[in-house]
Amino acid sequence: MSLAEIQSAIERLSFEERAKLAAWLHGWKDDEWDEQMKRDIAAGKLDSILHEVEEDIKAGRVREMP
């Protein structure tokens, strides 16, 4: 199925069906993001960022968001 065919099929969906599809796609993206984060953390790719954040907290350069 081509992208154009998928787009055409989506355009024929009801509002409720499009809402369900959008929610599913959003969740799918989140799942992918979560898995990538797990791989990056395990590989140590975020260690330098974590260290920087910890230093900012210790130095008082972080404040609570309003």
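Each reported figure results from applying straightforward, stated rules to the coordinates on display, with no laboratory input. Just so it is clear, the model here is predicted, and its values are computed rather than measured. Cβ sites come from the backbone with ideal geometry, for glycine too, and all protein chains shown count toward neighbours.
Here is the list for the range 13-66: GluC sites (Glu not before Pro) lying in DSSP coil, each with at most 16 other C-beta atoms within 10 angstrom of its C-beta, are Glu64. Residue order for Met1, Met65, fewest other beta carbons within 10 angstrom first, comes to Met65, Met1. For the range 23-66, the dipole from Cβ point charges (+1 on Lys and Arg, -1 on Asp and Glu) about the Cα centre works out to 100 debye, to the nearest 20.
If you work out Kirkwood radius over Cα pairs in Å from the coordinates, which of (i) 15.8; (ii) 13.3; (iii) 14.6 do you get? It is the value labelled (i). Between the residues Gly44, Val62, Trp24, the greatest Cα displacement towards the positive end of the dipole of the range 23-66, with unit charges on the Cβ of Lys, Arg, Asp and Glu, is found for Val62.
Estimated from helical segments only, the mean residue ellipticity of the chain at 222 nm is -24500 deg cm²/dmol, where each DSSP H run of four or more residues counts as -39500 (n - 2.57). If the segment from Glu5 to Trp28 were pulled out straight at 0.36 nm per residue, it would be longer than the present Cα-Cα gap by 6.2 nm. Check the straight Cα-Cα distances from Lys20 and name the lysines below 24 Å, setting aside those fewer than 8 residues away within the same chain. Result set, ordered by chain and number: Lys29.
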